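Below: the structure, in structure tokens.
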2 protein chains.
Amino acid sequence: MKNFKIALAQFSPYIGNLERNTQKMIEQARQAKQDGADLIVFPELSMVGYPAEDLLLRPSLKKRTRDAFQALSEVKDIVMVFGFAHQTEQGQTYNAAAVIKDGEVLGVYNKQNLPNYGVFDEKRYFSAGQQHLIFEYCGHKFGVLICEDIWTLSTVQQLAQLNIDTVLVLNSSPYEVGKPQHRIQTLTKLAEQLNINIVYTNQVGGQDDLIFDGSSFVVSRNAELILKAPSFEENIYSVSFDHTKANFETSTITPELDTMAEIYQSLVMATRDYVQKSGFSGVILGLSGGIDSALTLAIAVDALGADKVQAVMMPYTYTAQISIEDASTQAKNLGIAFGVAEIHNIVNSFQQTLYPFFGNAPADSTEENLQARARGTLLMGLSNKFGNLVLSTGNKSELAVGYCTLYGDMVGGFAVLKDVYKTIVFELAKYRNSISEQPIIPERVITRPPSAELKAEQKDQDSLPSYDVLDGILYAYIEEDQSQDDIIGKGFDKAVVEKVIQMVDRNEYKRRQGAIGPRISSRAFSRERRYPIVNQWRAGK
Amino acid sequence: MKNFKIALAQFSPYIGNLERNTQKMIEQARQAKQDGADLIVFPELSMVGYPAEDLLLRPSLKKRTRDAFQALSEVKDIVMVFGFAHQTEQGQTYNAAAVIKDGEVLGVYNKQNLPNYGVFDEKRYFSAGQQHLIFEYCGHKFGVLICEDIWTLSTVQQLAQLNIDTVLVLNSSPYEVGKPQHRIQTLTKLAEQLNINIVYTNQVGGQDDLIFDGSSFVVSRNAELILKAPSFEENIYSVSFDHTKANFETSTITPELDTMAEIYQSLVMATRDYVQKSGFSGVILGLSGGIDSALTLAIAVDALGADKVQAVMMPYTYTAQISIEDASTQAKNLGIAFGVAEIHNIVNSFQQTLYPFFGNAPADSTEENLQARARGTLLMGLSNKFGNLVLSTGNKSELAVGYCTLYGDMVGGFAVLKDVYKTIVFELAKYRNSISEQPIIPERVITRPPSAELKAEQKDQDSLPSYDVLDGILYAYIEEDQSQDDIIGKGFDKAVVEKVIQMVDRNEYKRRQGAIGPRISSRAFSRERRYPIVNQWRAGK
């Protein structure tokens, strides 16, 4: 019996672009073949990309898929296992995997378990498969599963009972903090328990708010880790099977990332992919001297290179001198294009125009919002004129409680820190400084008390509890779905908890109009927390 | 055998507010009892409201539901049939109906068919029921179904085979143009075919982007229309059964609305409910002298009354004198608060501030967007200071092709015409003028060529095909999912079709950040058209 080599294509599809994805799959299959592979496995729905959402409902998908299969028949002498939307004559669509060789379809597997929770809506698009697929190749017996299937014990047990050696799992499994380790730990136990080798190939790349981390791996039936591919990198990895040892030979084992490194790299990749896959030439952002914009800038430069990043400082009466100094220091550190645009005249013109309406009404957050909206409009003007995407710089804590201005600091196409709590923003800034010889974010930006600088002597902590407390409450309410009473029971101050929860509930309308941003948590403000805007739930009751 | 009377509670729930909804259900049951009813039927999920979205996943829902059942036990001597989220000890949740009398639960029915397409996500929340529920009362045999069940022939057939006389159907069926008539036509045939009477009770009211029209009805097994309740009104309607005739006595038959009347009333109700259920004291909008803002203003005044509506005209160099005249005439016609705020100084201050960045770069849409954003910021300033909700005035044709400015004319919490094509905007304006003695929208607003007035001599038709052509292409592409080739095949110009489709595809990012607005079509830009932002589908291929 011939020993054999399996290539895992950790593939980054362009959503909806079947032609491009298929060409790329052909290139990767040929390269794998050249490197001696007998079989190459792509991720779930690699042909159309995941999640293609309602593009899956467009009538021309069937023809596009047929054309793509035709194109793949060019590839010779290697088995390809890939994901596609399988539309039947009876009008059903399956989330499927095809096994092809030399253009011949050897088998098709339809995903049996369709996730329809969290970020997933697969029952909107797909029917559930009913049958297993197994095939023999190089004297080895393979089964095929798709993503949710491998987490459904009854399904994997049924497959294992068909006496397969190795299951090829095609995945488009979205990232969240710690997920790469979690997958390996759980599936190593499963491999041993069911006596099967698991080849786990995952999509990589950012798609709108979702991050696919790759982190593909192979574990043997002896619970050995055979391969662990890097996270956040598109590439092909491979493992070789030795019949005499009846096992795979140990291949690349990428060291585990620290949590901050993992999050940081995930945001870098998400930002790069959003910008590049949308076709923008570069980005622009408002640099305030505060930590959120400082961290966003660092991520943008790491994602795109300094020549693709522009920053603008837009000072007003309440902007501290040290904010201007720190912003300009960081811009210099990073070597990016940096400009300053004072907003006094703009704010004055708004105030004068509004005076006949406002009269002597006392100043309130209205006047603060004018400053933020003047800045937002300037950024959008620069974006419109020169074609750079505006990155929005707000964090998850702010967005949760609405401590941000709609059409002001919320403007932008991509909100890099949208799913990052403020306490993690601090950690990420320190992490980023720790990996370069010179700190690129000025130390003072990290240590000074946070302020929106929208009125005199303002500090975030005048309006909000300390970020440690705020993030503790928010995490319990949002990520853990705890009730107000439960959270108070954990020792938080009752009045503070009530205020914070009320702010979260009342600010759904702001979040709904905010930019998308990369999901790194288990409960991002995006497609996975679907709350009504008109909502009288009232947590306290 | 006693003759009996059934009350249909065409009920408008407050989403998530179980206490309020339950109190209201108690009041309505008592009133129905007083009017002689023996049984009262509420809509689907009346207790928590539909759609409650991820509030259904909050752990405290179970306790809230239990408390609500407790409260309902106050009601005596009338059978109540109502919708609730039925959570079992085994951790499943059903979309259910309870039949109770004097606080005693006589039966629970779990919805068998869960829609998970279009605007519906029921498989995210609910398990499917497996069993029918029938009960006898007043010598009559009843079955219970919930919404999608009545459209699923096999389910209704099974129930009919249990020899029931009448099926009580609890619904939260969203409105779209023509849907009230469609339901009656289809279910009248079904009633006759299966020899059952159908009592169809529908939710009424606006909830975020969804409109529930009510339009409850009763049809007999002889295919007679027994009751047809008005659309867009919350009230209780009733029908009496006479055993001697073995039939219901004909009750109120509300005349059918013309299409424009139906749409207009739906938008009025949606606007009223959004404002009132969110707790705003009133609304403000920018009046431009154009038809979109004129129609939005008319709807706002019909929804809320003139004393709750403010309008501001914000002229600039390119604003025609007749625009100012027409805006002020309409404001006077309607008796609303009206102000004028020139934006020259604001636009100048933006241009001066941007000059060091722009240099002598030629003017383009950037400068047009500055005007729109100056206006958006003024409106938001007035909203922030006085607490009125900003109504956004854009229509579906504009939003489809991105002929609108993000953070400019798109600002606002509720976009009244979001799902109304421009050609229908004209029809609605004429309709509204036709129903009052004096036209409230100046005739010239309807007859002059549409213009955004963002540069000299600008007309919409400089950038877009005529609205007849544009809306024809958009309808085929959006509502009918036709491919580019199909649309060209219908006789539209190839270059125009390609341009329009490209504009639709490229502007998903704008739509994603826009305000919600009421859905009146079968494919609104909202929860039912879920397209990726980063999307390389390219319709032309």
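A short reminder: the numbers here are calculations on the coordinates, not readings from a lab. Small disclaimer: the values here were computed from a predicted structure and weren't measured. Neighbour counts run over all protein chains shown; Cβ positions are idealised from the backbone, glycine included.
Things to note:
- Within the stretch B:4-256, antiparallel bridges make up roughly 70 percent of the DSSP beta bridges whose residues both belong there.
- For the residue pairs B:2/B:33; A:123/A:510; A:228/A:430; B:228/B:418; A:189/A:228; A:277/A:430, the C-alpha atoms sit more than 20 angstrom apart in A:123/A:510; A:228/A:430; B:228/B:418; A:277/A:430.
- Mean separation of Cα contacts under 8 Å, 6 or more apart, over the residue count of the stretch A:4-256: relative contact order %: 19 percent
- Across peptide A:346-355, the mean count of Cβ atoms from other chains lying within 10 Å of each residue's own Cβ comes to 6.
- Residue-by-residue Karplus 3J(HN,Hα) for the stretch B:244-252, coefficients 6.51, -1.76, 1.60, Hz, glycine and proline x: 5, 8, 6, 7, 7, 7, 4, 10, 4
- Here's how it looks for residue A:247: its modeled amide H is under 5 Å from those of A:242, which are all 5 or more places away or on a different chain.
- The relative contact order of chain B comes to 11 percent, based on Cα pairs under 8 Å that sit 6 or more residues apart.
- Per DSSP, loop trypsin sites (Lys or Arg not before Pro) in the stretch A:375-475 with at most 15 further Cβ within 10 Å: A:459
- When +1 charges are put on Lys and Arg Cβ atoms and -1 charges on Asp and Glu Cβ atoms, the dipole computed for chain A relative to its Cα centre reaches about 980 debye.
- Listed peptides A:31-38, B:496-503 by packing density, highest first (mean Cβ within 10 Å): B:496-503, A:31-38
- For peptide A:497-509, the mean count of partner chain Cβ atoms within 10 Å of a residue's Cβ comes to 1.
- Residue A:161 label point (Cα plus 7 Å toward Cβ) to equivalent points in the other copies: 3.1 nm, shortest first.
- Projected label points at residue A:495 and residue B:153, each 7 Å from Cα along the beta carbon direction, are separated by 6.6 nanometres.
- Per-residue Cβ neighbour rank within 10 angstrom, fewest leading, B:365, B:288, A:323: B:365, A:323, B:288
- Long-range amide H partners of residue A:5 with built H, under 5 Å: A:38, A:39, A:241
- Under 18 Å from residue B:332, Cα to Cα: lysines that are on another chain or at least 8 residues apart: B:308
- J(HN,Hα) series, the stretch A:77-90, from Karplus relation 6.51 cos²θ - 1.76 cosθ + 1.60, nearest Hz, glycine and proline x: 6, 8, 7, 10, 10, 9, x, 8, 8, 9, 9, 9, 4, 7
- Summed over qualifying helices (DSSP H, 4 residues or more, each -39500 (n - 2.57)) and divided by its residue number, the protein assembly as shown shows a 222 nm mean residue ellipticity of -11500 deg cm²/dmol.
- When both the stretch B:439-453 and the stretch A:493-541 are represented by their alpha-carbon centers, they are found 41 Å apart.
- Per-residue mean of C-beta atoms belonging to partner chains within 10 Å, peptide A:523-530: 2
- For residue A:138, no residue whose modelled amide H falls within less than 5 Å of its own remains once neighbours fewer than 5 places apart on the same chain are excluded.
- Applying a DSSP loop filter and a limit of 15 other Cβ atoms within 10 Å to the GluC sites (Glu not before Pro) in the stretch B:11-76 leaves B:74.
- Anchor residue B:62: aspartates and glutamates whose Cα lies under 16 Å away (excluding residues fewer than 8 positions away in-chain): A:481, A:485, A:486, B:19, B:53, B:54, B:89
- Separation between Cα centres of the stretch B:64-128 and the stretch A:155-210, rounded to whole Å: 38 Å
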